[in-house]
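These notes concern the structure reproduced below.
The values are calculated or read from the model by the stated rules, or taken from the named source; none is laboratory data. Please read all numbers here as calculations on a predicted model, not as lab measurements. Positions of Cβ are backbone-derived with ideal geometry, glycine not excepted, and every protein chain shown enters the neighbour counts.
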(Lines give C-alpha, C1' and ligand atoms only; values in the text may rest on other atoms or scores of the structure.)
Protein backbone atom coordinates (compact mmCIF):
# COMPACT_ATOMS: atom_id res chain seq x y z
CA UNK A 1 0.00 0.00 0.00
CA UNK A 2 1.50 3.36 -1.01
CA UNK A 3 1.58 6.31 1.35
CA UNK A 4 -0.42 8.29 -1.21
CA UNK A 5 -3.20 5.68 -1.10
CA UNK A 6 -3.14 5.63 2.71
CA UNK A 7 -3.41 9.40 2.81
CA UNK A 8 -6.29 9.36 0.33
CA UNK A 9 -8.23 6.75 2.29
CA UNK A 10 -7.61 8.55 5.58
CA UNK A 11 -8.63 11.91 4.12
CA UNK A 12 -11.87 10.35 2.89
CA UNK A 13 -12.71 8.99 6.35
CA UNK A 14 -11.84 12.21 8.16
CA UNK A 15 -13.57 14.42 5.60
CA UNK A 16 -16.80 12.45 5.87
CA UNK A 17 -16.62 12.60 9.65
CA UNK A 18 -16.12 16.36 9.68
CA UNK A 19 -19.00 16.90 7.29
CA UNK A 20 -21.27 14.76 9.45
CA UNK A 21 -20.22 16.56 12.62
CA UNK A 22 -20.81 19.97 11.04
CA UNK A 23 -24.27 18.92 9.91
CA UNK A 24 -25.33 17.87 13.40
CA UNK A 25 -27.69 20.16 15.30
CA UNK A 26 -25.84 22.19 17.90
CA UNK A 27 -28.72 22.89 20.29
CA UNK A 28 -28.27 21.04 23.55
CA UNK A 29 -25.13 19.19 22.49
CA UNK A 30 -22.62 18.65 25.27
CA UNK A 31 -19.49 20.79 24.83
CA UNK A 32 -16.30 19.16 23.59
CA UNK A 33 -13.95 17.92 26.33
CA UNK A 34 -11.26 20.27 27.55
CA UNK A 35 -7.85 19.82 25.86
CA UNK A 36 -5.79 17.06 27.41
CA UNK A 37 -8.79 15.15 28.74
CA UNK A 38 -10.01 11.93 27.19
CA UNK A 39 -13.57 12.31 25.86
CA UNK A 40 -16.12 9.97 27.40
CA UNK A 41 -18.90 8.01 25.83
CA UNK A 42 -21.93 8.52 28.05
CA UNK A 43 -24.81 6.12 27.50
CA UNK A 44 -28.30 7.15 28.57
CA UNK A 45 -30.10 5.25 31.31
CA UNK A 46 -32.98 4.53 28.92
CA UNK A 47 -32.92 3.57 25.27
CA UNK A 48 -33.49 7.02 23.96
CA UNK A 49 -30.98 9.65 22.95
CA UNK A 50 -27.36 9.11 24.04
CA UNK A 51 -24.42 11.50 24.26
CA UNK A 52 -21.41 9.95 22.53
CA UNK A 53 -18.12 11.84 22.27
CA UNK A 54 -19.94 15.09 22.94
CA UNK A 55 -22.64 14.50 20.31
CA UNK A 56 -26.23 13.41 20.63
CA UNK A 57 -27.13 10.16 18.91
CA UNK A 58 -30.79 9.18 18.83
CA UNK A 59 -32.16 5.66 18.35
CA UNK A 60 -32.07 4.86 14.64
CA UNK A 61 -29.18 7.27 13.98
CA UNK A 62 -25.92 6.58 12.18
CA UNK A 63 -23.12 9.04 12.91
CA UNK A 64 -19.42 9.55 12.20
CA UNK A 65 -17.67 11.23 15.10
CA UNK A 66 -14.15 12.14 16.21
CA UNK A 67 -12.01 10.85 19.06
CA UNK A 68 -8.90 12.89 19.77
CA UNK A 69 -6.20 10.27 20.27
CA UNK A 70 -2.86 12.12 20.34
CA UNK A 71 -0.81 14.96 18.97
CA UNK A 72 1.55 14.83 16.02
CA UNK A 73 5.15 16.01 16.10
CA UNK A 74 3.91 19.41 14.93
CA UNK A 75 1.50 19.64 17.86
CA UNK A 76 -1.66 19.25 15.76
CA UNK A 77 -4.39 16.91 16.97
CA UNK A 78 -4.70 13.39 15.63
CA UNK A 79 -8.38 12.43 15.49
CA UNK A 80 -9.76 8.92 15.09
CA UNK A 81 -13.03 8.49 13.20
CA UNK A 82 -15.60 6.58 15.29
CA UNK A 83 -18.56 5.16 13.36
CA UNK A 84 -21.69 4.97 15.52
CA UNK A 85 -24.79 2.95 14.63
CA UNK A 86 -27.47 3.21 17.31
CA UNK A 87 -30.31 0.73 16.90
CA UNK A 88 -33.96 1.60 17.23
CA UNK A 89 -34.49 -0.70 20.22
CA UNK A 90 -32.47 -1.60 23.33
CA UNK A 91 -29.66 -4.11 23.14
CA UNK A 92 -25.95 -4.65 23.85
CA UNK A 93 -23.13 -2.43 22.62
CA UNK A 94 -20.51 -4.08 20.42
CA UNK A 95 -17.13 -2.51 19.61
CA UNK A 96 -15.34 -3.19 16.33
CA UNK A 97 -11.67 -2.21 16.40
CA UNK A 98 -9.40 -2.40 13.35
CA UNK A 99 -6.01 -1.02 12.41
CA UNK A 100 -4.36 -1.34 15.83
CA UNK A 101 -1.42 -2.40 13.68
CA UNK A 102 -1.20 0.21 10.95
CA UNK A 103 -0.19 -2.19 8.17
CA UNK A 104 -3.06 -4.67 8.72
CA UNK A 105 -5.64 -3.62 6.15
CA UNK A 106 -8.22 -6.42 5.94
CA UNK A 107 -9.86 -5.35 9.21
CA UNK A 108 -10.24 -1.75 8.00
CA UNK A 109 -12.24 -2.93 5.01
CA UNK A 110 -14.27 -5.34 7.16
CA UNK A 111 -15.38 -2.41 9.32
CA UNK A 112 -16.21 -0.27 6.29
CA UNK A 113 -18.31 -2.95 4.61
CA UNK A 114 -20.02 -4.00 7.84
CA UNK A 115 -21.01 -0.48 8.91
CA UNK A 116 -22.06 0.47 5.39
CA UNK A 117 -24.51 -2.44 5.39
CA UNK A 118 -26.04 -1.72 8.80
CA UNK A 119 -29.55 -0.24 8.85
CA UNK A 120 -29.95 1.41 12.29
CA UNK A 121 -33.72 0.99 12.49
CA UNK A 122 -33.40 -2.73 11.85
CA UNK A 123 -30.97 -3.50 14.68
CA UNK A 124 -31.11 -3.50 18.46
CA UNK A 125 -28.36 -2.10 20.61
CA UNK A 126 -25.41 -0.13 19.29
CA UNK A 127 -22.27 -0.72 17.24
CA UNK A 128 -19.22 1.49 17.90
CA UNK A 129 -16.57 1.01 15.21
CA UNK A 130 -13.03 2.39 15.05
CA UNK A 131 -11.75 1.57 11.55
CA UNK A 132 -8.16 2.81 12.05
CA UNK A 133 -6.97 2.75 15.65
CA UNK A 134 -3.31 3.42 14.81
CA UNK A 135 -3.39 6.43 12.51
CA UNK A 136 0.36 7.04 12.84
CA UNK A 137 1.22 3.52 11.70
CA UNK A 138 -1.43 3.55 8.97
CA UNK A 139 -0.02 6.71 7.42
CA UNK A 140 3.43 5.10 7.25
CA UNK A 141 2.23 1.58 6.30
CA UNK A 142 3.84 0.41 9.54
CA UNK A 143 2.78 -1.99 12.26
CA UNK A 144 4.19 0.31 14.93
CA UNK A 145 3.76 3.79 16.34
CA UNK A 146 6.44 6.42 15.58
CA UNK A 147 8.23 5.54 18.84
CA UNK A 148 8.57 1.89 17.61
CA UNK A 149 6.08 0.62 20.15
CA UNK A 150 3.33 -1.88 19.41
CA UNK A 151 -0.01 -0.34 20.40
CA UNK A 152 -1.41 -3.81 21.10
CA UNK A 153 0.96 -4.25 24.04
CA UNK A 154 -0.25 -1.23 26.04
CA UNK A 155 -3.96 -1.65 26.79
CA UNK A 156 -5.75 -0.36 28.81
CA UNK A 157 -3.05 2.29 28.87
CA UNK A 158 -2.58 5.30 31.12
CA UNK A 159 -3.30 9.01 30.51
CA UNK A 160 0.23 10.04 31.51
CA UNK A 161 2.44 7.21 30.19
CA UNK A 162 4.27 6.77 26.89
CA UNK A 163 2.67 7.79 23.59
CA UNK A 164 1.45 4.22 23.14
CA UNK A 165 -0.05 4.17 26.65
CA UNK A 166 -1.82 7.48 26.07
CA UNK A 167 -3.33 6.41 22.75
CA UNK A 168 -4.41 3.08 24.24
CA UNK A 169 -5.99 4.89 27.19
CA UNK A 170 -7.88 7.31 24.95
CA UNK A 171 -9.33 4.43 22.95
CA UNK A 172 -10.12 2.54 26.12
CA UNK A 173 -11.68 5.41 28.04
CA UNK A 174 -13.49 6.95 25.09
CA UNK A 175 -14.91 3.83 23.43
CA UNK A 176 -13.93 0.36 24.57
CA UNK A 177 -14.86 0.39 28.25
CA UNK A 178 -18.43 1.33 27.36
CA UNK A 179 -18.97 -1.83 25.30
CA UNK A 180 -20.36 -5.24 26.28
CA UNK A 181 -18.32 -7.07 23.64
CA UNK A 182 -15.19 -6.30 21.60
CA UNK A 183 -14.18 -7.73 18.22
CA UNK A 184 -10.55 -6.88 17.41
CA UNK A 185 -9.58 -7.36 13.74
CA UNK A 186 -6.06 -8.37 12.66
CA UNK A 187 -3.93 -10.12 10.03
CA UNK A 188 -0.58 -11.89 10.13
CA UNK A 189 2.56 -9.82 10.69
CA UNK A 190 5.94 -9.35 9.01
CA UNK A 191 5.15 -11.04 5.68
CA UNK A 192 3.18 -13.85 7.30
CA UNK A 193 -0.37 -14.90 6.52
CA UNK A 194 -2.95 -16.41 8.86
CA UNK A 195 -5.66 -18.96 8.25
CA UNK A 196 -8.96 -17.31 9.29
CA UNK A 197 -9.17 -17.92 13.03
CA UNK A 198 -10.68 -16.49 16.19
CA UNK A 199 -8.54 -16.14 19.31
CA UNK A 200 -10.15 -15.87 22.71
CA UNK A 201 -9.96 -16.91 26.34
CA UNK A 202 -11.98 -20.14 26.16
CA UNK A 203 -12.25 -20.26 29.95
CA UNK A 204 -14.64 -17.28 29.77
CA UNK A 205 -18.10 -18.53 28.68
CA UNK A 206 -19.17 -15.16 27.22
CA UNK A 207 -16.01 -14.79 25.13
CA UNK A 208 -16.21 -18.39 23.96
CA UNK A 209 -19.85 -17.88 22.98
CA UNK A 210 -18.81 -14.78 21.03
CA UNK A 211 -16.12 -16.81 19.24
CA UNK A 212 -18.56 -19.58 18.37
CA UNK A 213 -21.02 -16.99 17.12
CA UNK A 214 -18.40 -15.65 14.72
CA UNK A 215 -18.47 -19.06 13.07
CA UNK A 216 -16.71 -20.53 10.09
CA UNK A 217 -13.23 -20.22 11.57
CA UNK A 218 -10.94 -22.09 13.89
CA UNK A 219 -10.92 -21.05 17.54
CA UNK A 220 -7.57 -20.71 19.30
CA UNK A 221 -7.71 -20.80 23.09
CA UNK A 222 -5.41 -17.94 24.03
CA UNK A 223 -6.08 -15.22 26.59
CA UNK A 224 -3.61 -12.86 24.91
CA UNK A 225 -0.38 -11.36 26.12
CA UNK A 226 -0.17 -8.68 28.75
CA UNK A 227 -1.18 -5.39 27.18
CA UNK A 228 -3.24 -6.79 24.32
CA UNK A 229 -6.73 -5.39 23.84
CA UNK A 230 -8.24 -8.87 24.14
CA UNK A 231 -6.66 -9.51 27.54
CA UNK A 232 -7.43 -6.05 28.92
CA UNK A 233 -11.08 -6.26 27.85
CA UNK A 234 -11.47 -9.71 29.39
CA UNK A 235 -10.09 -8.44 32.70
CA UNK A 236 -12.62 -5.62 32.64
CA UNK A 237 -15.47 -8.10 32.22
CA UNK A 238 -15.94 -7.38 28.51
CA UNK A 239 -16.37 -10.40 26.23
CA UNK A 240 -13.60 -10.21 23.63
CA UNK A 241 -12.32 -12.01 20.56
CA UNK A 242 -9.64 -11.38 17.95
CA UNK A 243 -10.23 -12.28 14.32
CA UNK A 244 -7.02 -13.04 12.41
CA UNK A 245 -7.05 -13.56 8.63
CA UNK A 246 -4.63 -13.02 5.77
CA UNK A 247 -1.46 -10.97 5.58
CA UNK A 248 -0.51 -7.31 6.11
CA UNK A 249 -0.37 -4.61 3.42
CA UNK A 250 -3.06 -6.37 1.36
CA UNK A 251 -6.81 -6.11 0.85
CA UNK A 252 -7.87 -9.77 0.44
CA UNK A 253 -11.46 -10.25 -0.68
CA UNK A 254 -12.04 -13.75 0.69
CA UNK A 255 -10.74 -12.93 4.16
CA UNK A 256 -12.68 -9.65 4.21
CA UNK A 257 -15.93 -11.33 3.15
CA UNK A 258 -15.49 -14.02 5.80
CA UNK A 259 -14.88 -11.35 8.43
CA UNK A 260 -18.00 -9.38 7.49
CA UNK A 261 -20.09 -12.55 7.61
CA UNK A 262 -18.60 -13.43 10.99
CA UNK A 263 -19.40 -10.06 12.55
CA UNK A 264 -22.93 -10.15 11.15
CA UNK A 265 -23.43 -13.58 12.63
CA UNK A 266 -22.19 -12.33 16.01
CA UNK A 267 -24.77 -9.53 15.90
CA UNK A 268 -27.46 -12.09 15.03
CA UNK A 269 -26.36 -14.44 17.81
CA UNK A 270 -26.55 -11.55 20.29
CA UNK A 271 -30.10 -10.78 19.18
CA UNK A 272 -29.08 -7.45 17.65
CA UNK A 273 -30.50 -8.14 14.19
CA UNK A 274 -33.43 -9.90 12.58
CA UNK A 275 -31.12 -12.37 10.86
CA UNK A 276 -31.26 -15.97 12.03
CA UNK A 277 -27.80 -16.84 13.43
CA UNK A 278 -26.04 -19.71 11.71
CA UNK A 279 -24.93 -22.53 13.98
CA UNK A 280 -21.26 -23.52 13.76
CA UNK A 281 -19.10 -26.06 15.57
CA UNK A 282 -15.60 -24.78 14.81
CA UNK A 283 -12.54 -26.75 15.87
CA UNK A 284 -11.03 -25.44 19.11
CA UNK A 285 -7.26 -25.71 19.43
CA UNK A 286 -6.02 -25.56 23.01
CA UNK A 287 -2.35 -25.36 22.06
CA UNK A 288 -0.31 -23.81 19.27
CA UNK A 289 3.36 -23.81 18.40
CA UNK A 290 5.66 -21.69 16.29
CA UNK A 291 8.19 -23.49 14.06
CA UNK A 292 11.38 -21.46 13.69
CA UNK A 293 14.17 -21.84 11.14
CA UNK A 294 17.68 -22.68 12.35
CA UNK A 295 19.54 -21.26 9.38
CA UNK A 296 19.60 -18.05 7.40
CA UNK A 297 18.91 -17.86 3.69
CA UNK A 298 16.02 -17.91 1.23
CA UNK A 299 12.87 -19.52 2.60
CA UNK A 300 10.64 -21.48 0.24
CA UNK A 301 7.57 -23.59 0.87
CA UNK A 302 4.87 -25.41 -1.07
CA UNK A 303 2.64 -25.79 1.94
CA UNK A 304 -0.74 -24.07 2.16
CA UNK A 305 -2.74 -22.67 5.04
CA UNK A 306 -5.05 -25.22 6.63
CA UNK A 307 -2.99 -28.28 5.69
CA UNK A 308 -2.69 -31.08 8.21
CA UNK A 309 0.89 -32.24 8.85
CA UNK A 310 2.53 -35.05 10.78
CA UNK A 311 5.65 -34.89 12.96
CA UNK A 312 8.70 -34.94 10.70
CA UNK A 313 6.89 -33.75 7.57
CA UNK A 314 8.75 -31.31 5.35
CA UNK A 315 7.29 -27.81 5.76
CA UNK A 316 9.79 -25.83 3.73
CA UNK A 317 13.46 -25.24 2.99
CA UNK A 318 16.04 -22.52 3.62
CA UNK A 319 18.71 -22.22 0.92
CA UNK A 320 22.03 -20.40 1.30
CA UNK A 321 22.19 -18.06 -1.73
CA UNK A 322 26.02 -18.36 -1.95
CA UNK A 323 26.80 -22.01 -1.16
CA UNK A 324 23.43 -23.35 -2.37
CA UNK A 325 23.31 -25.49 0.77
CA UNK A 326 19.71 -26.36 1.59
CA UNK A 327 18.25 -27.01 5.04
CA UNK A 328 14.91 -28.63 5.83
CA UNK A 329 12.21 -27.12 8.03
CA UNK A 330 10.22 -29.97 9.55
CA UNK A 331 7.02 -30.21 11.57
CA UNK A 332 7.79 -30.92 15.23
CA UNK A 333 4.35 -32.39 15.92
CA UNK A 334 1.06 -33.35 14.31
CA UNK A 335 -1.14 -30.33 13.68
CA UNK A 336 -2.73 -27.89 11.24
CA UNK A 337 -0.95 -24.96 9.60
CA UNK A 338 -2.81 -21.92 10.94
CA UNK A 339 -0.15 -19.36 10.01
CA UNK A 340 2.93 -19.25 7.81
CA UNK A 341 5.50 -16.96 6.27
CA UNK A 342 5.50 -16.18 2.57
CA UNK A 343 8.78 -16.96 0.71
CA UNK A 344 11.42 -14.42 1.72
CA UNK A 345 14.93 -13.99 3.10
CA UNK A 346 15.11 -15.14 6.73
CA UNK A 347 17.59 -15.25 9.59
CA UNK A 348 18.03 -18.00 12.21
CA UNK A 349 15.15 -18.00 14.67
CA UNK A 350 12.60 -16.59 12.23
CA UNK A 351 9.09 -17.94 12.94
CA UNK A 352 8.12 -19.58 9.64
CA UNK A 353 5.05 -21.65 10.57
CA UNK A 354 2.35 -21.56 13.24
CA UNK A 355 0.72 -24.90 14.03
CA UNK A 356 -2.51 -25.66 15.81
CA UNK A 357 -1.65 -28.76 17.81
CA UNK A 358 -3.93 -31.78 17.99
CA UNK A 359 -4.91 -32.91 21.49
CA UNK A 360 -2.94 -36.18 21.27
CA UNK A 361 0.17 -34.45 19.99
CA UNK A 362 -0.08 -31.77 22.67
CA UNK A 363 0.57 -34.41 25.31
CA UNK A 364 3.81 -35.48 23.66
CA UNK A 365 7.31 -34.67 24.96
CA UNK A 366 8.06 -32.49 21.93
CA UNK A 367 5.83 -29.79 23.42
CA UNK A 368 7.81 -29.13 26.54
CA UNK A 369 7.06 -25.69 28.05
CA UNK A 370 10.46 -24.24 27.14
CA UNK A 371 9.73 -24.74 23.42
CA UNK A 372 6.34 -23.05 23.41
CA UNK A 373 5.89 -19.69 21.73
CA UNK A 374 2.98 -17.39 22.45
CA UNK A 375 0.50 -17.25 19.56
CA UNK A 376 0.42 -13.45 19.38
CA UNK A 377 4.21 -13.06 19.52
CA UNK A 378 6.04 -14.02 16.37
CA UNK A 379 9.10 -12.16 17.64
CA UNK A 380 9.41 -12.20 21.42
CA UNK A 381 12.62 -10.18 21.28
CA UNK A 382 10.61 -7.24 19.98
CA UNK A 383 8.19 -7.56 22.89
CA UNK A 384 11.08 -7.70 25.38
CA UNK A 385 12.50 -4.54 23.83
CA UNK A 386 9.17 -2.76 24.03
CA UNK A 387 8.73 -3.68 27.69
CA UNK A 388 12.26 -2.51 28.46
CA UNK A 389 11.43 0.82 26.87
CA UNK A 390 8.37 1.28 29.08
CA UNK A 391 8.43 0.06 32.72
CA UNK A 392 4.62 0.01 32.71
CA UNK A 393 4.77 -3.08 30.52
CA UNK A 394 6.94 -5.20 32.79
CA UNK A 395 5.62 -8.78 33.21
CA UNK A 396 3.39 -9.45 36.17
Review point. Residue 160 is checked against (1) crowded, with 19+ Cβ neighbours inside 10 Å; (2) out of contact with any helix residue (DSSP H, G or I) (no Cβ under 7 Å at 6 or more places or on another chain) and fails just one. What number does that condition carry?
Key: (1)
Practice item. Answer yes or no: is there a residue in the stretch 191-214 that is surrounded by 23 or more Cβ atoms within 10 Å (Cβ to Cβ), part of a loop (DSSP other than H, G, I, E, B) and on the phi < 0 side of the Ramachandran plot. Key: no
**Study point:** Index of the failed condition, residue 56 passing every other in (1) in a strand (DSSP E or B); (2) modelled with pLDDT of 95 or more; (3) surrounded by fewer than 23 Cβ atoms within 10 Å (Cβ to Cβ)
**Key:** (2)
Practice item. Would you check if there is a residue in the stretch 171-189 being closer than 26 Å to residue 79 by Cβ, in contact with a strand residue (DSSP E or B) (Cβ under 6 Å, 6 or more places away or on another chain) and surrounded by fewer than 22 Cβ atoms within 10 Å (Cβ to Cβ)? Key: yes
Exercise for review: Kindly indicate whether any position in the stretch 65-81 is surrounded by 22 or more Cβ atoms within 10 Å (Cβ to Cβ), out of contact with any helix residue (DSSP H, G or I) (no Cβ under 8 Å at 6 or more places or on another chain), in a strand (DSSP E or B) and modelled with pLDDT of 90 or more.
Suggested key: no
Point to revise | Considering residues of the stretch 236-248 that are out of contact with any helix residue (DSSP H, G or I) (no Cβ under 7 Å at 6 or more places or on another chain) and surrounded by 16 or more Cβ atoms within 10 Å (Cβ to Cβ) only, the residue nearest to residue 201 (Cα to Cα) | key: 238
Review point. Of the conditions (1) modelled with pLDDT under 95; (2) not in a loop (DSSP other than H, G, I, E, B), residue 152 fails just one. Which one is it?
Key: (1)
**Study point:** Selection status of residue 257, within 20 Å of residue 158 (Cβ to Cβ) and at pLDDT 95 or above
**Key:** no
Practice item. Restricting attention to the stretch 265-280, report how many residues are assigned to a loop (DSSP other than H, G, I, E, B) and either buried (at least 21 other Cβ atoms within 10 Å of the Cβ) or in contact with a helix residue (DSSP H, G or I) (Cβ under 8 Å, 6 or more places away or on another chain) (or both). Key: 8
Exercise for review: Might you let me know whether the stretch 237-252 holds any residue that is part of a helix (DSSP H, G or I) and in the same structural domain as residue 190 (by TED's automatic domain parsing)?
Suggested key: no
Review point. If only one of 107, 87 is buried (at least 22 other Cβ atoms within 10 Å of the Cβ), more than 20 Å from residue 184 (Cα to Cα) and in contact (Cβ under 8 Å) with a residue 24 or more places away in the chain, which one is it?
Key: 87
Check your understanding: Could you list, in sequence order, the residues of the stretch 287-313 that are over 13 Å from residue 353 (Cβ atoms), out of contact with any helix residue (DSSP H, G or I) (no Cβ under 6 Å at 6 or more places or on another chain) and surrounded by 18 or more Cβ atoms within 10 Å (Cβ to Cβ)?
Key -> 295, 297
Check your understanding: So which of 96, 135, 114, 128 ends up being touching a strand residue (DSSP E or B) at 6+ places or on another chain (Cβ under 6 Å), farther than 18 Å from residue 230 by Cα and buried (at least 19 other Cβ atoms within 10 Å of the Cβ)?
Key -> 135
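Let's see how each residue does on (1) under 21 Å from residue 130 (Cβ atoms); (2) assigned by TED's automatic domain parsing to the domain that holds residue 115; (3) modelled with pLDDT under 95; (4) touching a helix residue (DSSP H, G or I) at 6+ places or on another chain (Cβ under 9 Å):
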position: 156; (1), (2), (3), (4): yes, yes, no, yes
position: 181; (1), (2), (3), (4): yes, yes, no, yes
position: 197; (1), (2), (3), (4): no, yes, no, no
position: 218; (1), (2), (3), (4): no, yes, yes, no
position: 234; (1), (2), (3), (4): yes, yes, no, yes
